[in-house]
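Working notes for the structure below.
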Amino acid sequence: MNADLSESLRQAVSDAGNLGTPLMIVGSGSKAFYGRKAAGNFLEVAGHAGILRYEPTELVITARCGTRLSDIESALAECGQMLPFEPPYFGQDATLGGTLACGFSGPRRPFAGSARDCMLGCRILNGKGEVLSFGGEVMKNVAGFDVSRLMVGAMGTLGVILEASLKVCPKPEHELTVCFESSVEHALSAMNRWCSEPWPLSGLAYDGNRIYIRLSGSERAVDAVYRKFGGEILEDGNAFWEDLREQRHEFFRADGNLWRISLAPATPVLDVPGDWFYDWGGALRWLKTDAPAEAVFRAAEAAGGHATLFRGDSGDGRVFQPLSEGLKCLHANLKKAFDPNGLFNPGRFYENF
């Protein structure tokens with residue numbers, strides 16, 4: 001069935017190329033809120049699903065793009081394993097392809113790697129209707145220009161991810177979440193310092209009032225570090241990190257523009273009015289503000305980072321940090337190489353990509 005669907009997708013792309021008809025790639029739709037509005041006819045890929053290979057002893061899983069994250073994580077859990085990058089779902093039917101296309105990673109990302117770090121190889125459908133394979137299922141196959149990882153976060157603008165091979169890891173034996181009250185300046189300094197220590201950290205966040213620390217590993221190692229930290233034990237720590245990952249935390253409930261700002265962890269507080277939440281030890285900063293998009297982009301750039309309007313309306317259609325001329329040229333060249341007819345998700349990333 002899926003082999004037939006793979007050929008059907010290839011034929012649909014080939015026909016669209018001949019007609020010059022743009023295509024909007026659609027999985028479960030759980031991440032349709034993210035990015036700009038793409039144009040084109042729907043290219044539905046959710047039916048192209050299924051786990052193709054899973055080798056627990058090799059810590060690798062290969063699945064089709066329409067495979068639900070819940071199915072993948074259930075299969076991994078049976079063998080005591082998990083996806084290291086702790087991907088957010090934003091919907092119960094979230095798919096592997098959509099997660100990789102958006103490049104989403106959860107609170108564990110600074111300590112276990114990102115979605116891009118976990119990508120070993122993939123098969124894609126390019127804008128000419130050709131099926132191409134990149135990378136493999138072991139790290140030694142990843143050499144030179146790593147095209148498979150280029151697909152992570154490309155928003156489907158370079159091609160359709162038909163299947164992907166990912167690194168997986170064992171689930172921790174024991175986890176504990178503790179918290180402390182803190183000022184924002186102390187929190188940023190402390191989190192930056194702790195990340196340089198050889199401690200079993202797997203989550204580090206600050207909500208504007210308290211620092212939250214998740215420790216993962218053997219019970220002995222976790223308890224040893226807890227004795228150093230002290231602090232209040234959060235009885236339902238798993239729920240806290242899941243609510244943060246899925247944006248069910250109280251911070252995310254209010255209406256208004258929500259910005260995702262990536263910075264070096266030790267970067268001081270940005271001078272932009274609004275409410276802030278700090279994840280990834282300070283490297284990922286969520287901002288709720290009514291400030292103009294230009295002010296947010298400018299502040300992020302001045303601090304050496306970049307901003308993305310995660311939810312909301314900038315008023316001028318801009319979502320992602322404006323590109324320099326050099327980066328615009330690079331994006332255009334990559335788009336031309338993989339999708340010369342401009343079929344895939346036109347306008348989803350930037351106006352011309």
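The values are calculated or read from the model by the stated rules, or taken from the named source; none is laboratory data. Since this is a predicted model, take the numbers as computed values, not measurements. Cβ placement follows ideal geometry from the backbone for every residue including glycine, while neighbour counts extend to all protein chains displayed. Heads up: the accessible areas ignore ligands, DNA and RNA and are worked out on the full protein's heavy atoms, side chains in. Shrake-Rupley method; radii C 1.70, N 1.55, O 1.52, S 1.80 Å.
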Ordering 120-128, 264-272 by per-residue average of other C-beta atoms within 10 angstrom, highest first, gives 120-128, 264-272
Between Phe42 and Ala221, the FRET efficiency computed from the C-beta separation at R0 = 45 Å comes out, to the nearest 0.05, as 0.35
Heads up, the chain by the C-alpha gyration tensor (a ≥ b ≥ c square roots of eigenvalues; a/c under 1.5 rounded, else a/b over b/c prolate, else oblate) looks oblate
Once normalised by the length of the range 65-224, the mean sequence separation of its alpha carbon contacts under 8 Å that are 6 or more apart gives a contact order in percent of 21 percent
Surrounding charge for Val269, neighbours by C-beta under 11 angstrom, Lys/Arg +1, Asp/Glu -1, total -1
Placing each pseudo-label 7 Å from Cα in the direction of the beta carbon, Asn352 and Ala266 end up separated by a distance in nanometres of 3.9 nm
The extension gain from Asp117 to Glu185, computed as 0.36 nm times the residue separation minus the Cα-Cα distance, is 21.5 nm
Checking the range 235-269 for trypsin sites (Lys or Arg not before Pro) in a loop per DSSP with at most 13 other beta-carbon atoms within 10 Å yields Arg248, Arg253
Residue by residue through the range 175-185, the couplings from Karplus 6.51 cos²θ - 1.76 cosθ + 1.60 with θ = phi - 60°, in Hz, x for Gly and Pro, are 9, 8, 10, 10, 9, 9, 6, 6, 7, 5, 5
Summed over the other residues with a beta carbon less than 9 angstrom from that of Leu158, with K and R at +1 and D and E at -1, the charge totals 0
Length gained if Ser324 through Asp15 is fully extended, taking 0.36 nm per residue and subtracting the Cα-Cα distance, is 107.8 nm
With only helices counted (DSSP H, runs n ≥ 4, each -39500 (n - 2.57)), the per-residue ellipticity at 222 nm for the chain, to the nearest 500, works out to -8000 deg cm²/dmol
Honestly the range 144-290 on the Cα gyration tensor test (a ≥ b ≥ c root eigenvalues; a/c under 1.5 rounded, otherwise a/b vs b/c for prolate or oblate) is just oblate
Counting only protein heavy atoms and rolling a 1.4 Å probe, one gets per residue an accessible area for the chain in Å² of 45 Å²
With all protein chains present, the chain has a carbon and sulfur share of its accessible area (1.4 Å probe) in percent of 49 percent
Sorted on mean Cβ neighbours within 10 Å (highest first), peptides 219-232, 81-94 come out as 81-94, 219-232
The answer for the net charge of residues other than Phe251 whose Cβ lies under 14 angstrom from its Cβ, with Lys and Arg +1 and Asp and Glu -1, is +1
Using alpha-carbon positions, the gyration tensor of the range 64-216 gives root eigenvalues a ≥ b ≥ c; with a/c under 1.5 called rounded, otherwise prolate if a/b exceeds b/c, else oblate, the class is prolate
Any GluC sites (Glu not before Pro) in the range 145-183 that lie in a DSSP loop and have at most 13 other Cβ atoms within 10 Å would be Glu173
